[in-house]
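The values are calculated or read from the model by the stated rules, or taken from the named source; none is laboratory data. Since this is a predicted model, take the numbers as computed values, not measurements. Cβ placement follows ideal geometry from the backbone for every residue including glycine, while neighbour counts extend to all protein chains displayed. Quick note on the areas: whole protein, heavy atoms, side chains included, nothing else; ligands and nucleic acids left out. Shrake-Rupley method; radii C 1.70, N 1.55, O 1.52, S 1.80 Å.
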Amino acid sequence: MVKRPLLTTLVALLTVSSATFFASCRQPKGGQQDSIGLAPDTFATECYTFTDTLQVIGSQVDVSLRLAFPASADTSALADSIRRFLLTELVQAAQPYFGEDEPSAIKLPEGIARTPAVLLDTVGRISMAYLTAYVDESAREGLEVTCTNDYSAAPEHQTATFVTYSTQLYTYLGGAHGSTISAGHTFRRSDGRHMGWNMVDTTRKAELTALIRDGLKEYFAEGEDLSTPLTDAELLDRLLLWDDPDTPEDELSDGIPLPHTAPWLTPTGVAFLYQQYEIAPYAVGMPNMTIPFEVIAPLLTAEGRSLLP
């Protein structure tokens, strides 16, 4: 009943030095329709890509950024809303976090032209500067490291009422493993509004977390190749929850916390996802599930129900 969504994987990019490309781009569904709604190419996009790589002795820096931007000819409220979101998302998400003592020379320039090609190139070069500085510092300490910053944003689902974008950021600064942040973002076709928790009645948290708990049981059962879902006790054994009076949302007595990442829509249901380490160890990935519309419908707000088929 509760299905895991297919998260958009990072797209393999051309490995050329410091270049931004533009090309016509189609919805990543191979020209097929979603199970409901409009054909994938009814929302046209244009792809912008930045890739760069640097090798210094035993160290390497790789930056890959890919952005599926609404077609320039599209002047709809939906396209304008997605453009604003992507430009903000790119600046905020496509740079590794280096603390507050970042060199002012590599901050985003003031008054930069807010066109996708120019912005993508600027953010890409900033990312390269961050990672190159990190590699240089590591080299002075006698360390050889491989650093990666890989970001993608593209439409994954669309119907007659909404378009859902998938974003993913992967950063690696050496160590045991990298860090991945994934999310879905649903936009209402009629006015371009960015939807999220406003689609779900969070005042009915107990009922909502009961559905999420069932989805988590199936997620872990599938990952461990179990024939039956887990019990409540078995599920809790696999989660990293604690009883902290300063964070009531995480108290065991309050039940499983809602994800920090807002839910999004697929053609068949509402998707929920927990980021790495949010409620479970790194080794189990990012627990996620899609709750079918017919199951979660009673817990949707009027705004959420208006987007259903």
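Summary of computed values
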read-out	value
Given (1) surrounded by 18 or more Cβ atoms within 10 Å (Cβ to Cβ); (2) in a loop (DSSP other than H, G, I, E, B); (3) among the acidic types (Asp, Glu), number of the condition residue 156 does not satisfy	(2)
Scope region 41-51; condition among the polar types (S, T, N, Q), open to solvent by 10 Å² or more (accessible area, probe 1.4 Å) and more than 12 Å from residue 124 (Cα to Cα); matching residues	42
Residue in region 251-270 that is touching a strand residue (DSSP E or B) at 6+ places or on another chain (Cβ under 7 Å), at pLDDT 90 or above, of a type in the set (A, V, I, L, M) and open to solvent by less than 30 Å² (accessible area, probe 1.4 Å) present	yes
Test result for residue 72, surrounded by fewer than 19 Cβ atoms within 10 Å (Cβ to Cβ), modelled with pLDDT of 85 or more and either under 20 Å from the mean Cα position of the chain (by Cα) or farther than 14 Å from residue 130 by Cβ (or both)	yes
Residue satisfying all of: in region 271-294; part of a helix (DSSP H, G or I) and open to solvent by 40 Å² or more (accessible area, probe 1.4 Å); farthest from residue 177 (Cα to Cα) among these	294
Top-ranked residue in region 192-236 [being closer than 19 Å to residue 302 by Cα and part of a loop (DSSP other than H, G, I, E, B); ranked as farthest from the chain's Cα centre (by Cα)]	201
Residue pairs meeting the criteria (Cβ under 7 Å; at least 6 apart or on separate chains; first open to solvent by less than 30 Å² (accessible area, probe 1.4 Å), in region 132-151; second part of a helix (DSSP H, G or I))	145/135; 145/138; 147/131; 147/134; 147/135; 149/127; 149/131; 151/93
Search result, residues across region 159-168 that are part of a loop (DSSP other than H, G, I, E, B) and open to solvent by 20 Å² or more (accessible area, probe 1.4 Å)	160, 161
Region 168-196: number of residues that are farther than 20 Å from residue 52 by Cα and of a type outside the set (Phe, Trp, Tyr)	18
Leading residue by the ranking (most open to solvent (accessible area, probe 1.4 Å)) among those in region 169-191 that are in a loop (DSSP other than H, G, I, E, B) and farther than 14 Å from residue 303 by Cβ	176
Among (1) surrounded by fewer than 18 Cβ atoms within 10 Å (Cβ to Cβ); (2) under 30 Å from residue 161 (Cα atoms); (3) touching a residue at least 12 places away in the same chain (Cβ under 8 Å), the one test that residue 54 misses	(2)
Verdict on residue 206 being surrounded by fewer than 17 Cβ atoms within 10 Å (Cβ to Cβ) and closer than 17 Å to residue 268 by Cα	no
